[in-house]
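Here's the structure, in structure tokens; my notes come after.
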């Protein structure tokens, strides 16, 4: 097999596995208080300083368009889960800030979601395989062009949803919708 064929085969296997796992995790999503995509917004806000970020910065981490993210944020704001604030550095920009209610919802959901991820992903792979998969996926992600990578995105920074407050050491991770600690 040529290197191109091997690379395409690896991509196809990765893509099909991701679609399959995502469908199962979406079906098993533990709450009807927020949607899977709304959780993704909260997941990404949870790793930001003061649990806030500009909408345009969220677009770097979510597989959604900026207008779709804006609609998600509007829905979350209507539920009292986030607040929309004017960006003092950009008159047109919006900062999204997670409320304490939103953080509580995120933590409750993350605990159940982590259990589903552990069951689905951990049920298919042993510990060493999970470590190898994490390493391989991290290498793929870090091999992206600078335009594709978020500034300062080192893959760390998610908080442990079972902890009381965000720990000073953010090496402990909580799962995003995909289970990744983006």
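Bear in mind that the values in this text are calculations on the coordinates, not laboratory data. Because the structure is predicted, anything quoted here is derived from the model rather than measured. Positions of Cβ are generated from backbone atoms using ideal geometry, with glycine treated the same way; all protein chains shown enter the neighbour counts.
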To one decimal place, what orientation-averaged projected area in nm² is obtained for the convex hull of the Cα set of segment 75-127?
5.8
Using the Cα gyration tensor of segment 102-143, with a ≥ b ≥ c the square roots of its eigenvalues, what is the shape: rounded (a/c below 1.5), prolate (a/b larger than b/c) or oblate (neither)?
oblate
Order these by the 10 Å Cβ neighbour count, fewest first: 61, 127, 113.
127, 61, 113
Rounded to a whole number, the Stokes-Einstein D of segment 18-142 in µm²/s (Kirkwood radius over Cα pairs; 37 °C; 0.692 mPa s) is 207
Going by C-beta contacts inside 10 Å, put 15, 43, 36 in order with the fewest on the left.
15, 36, 43
In percent, how large is the relative contact order of segment 3-111, given Cα pairs closer than 8 Å and 6 or more residues apart?
24
Residue exposure sequence - 138, 59 - by fewest surrounding Cβ within 10 Å
138, 59
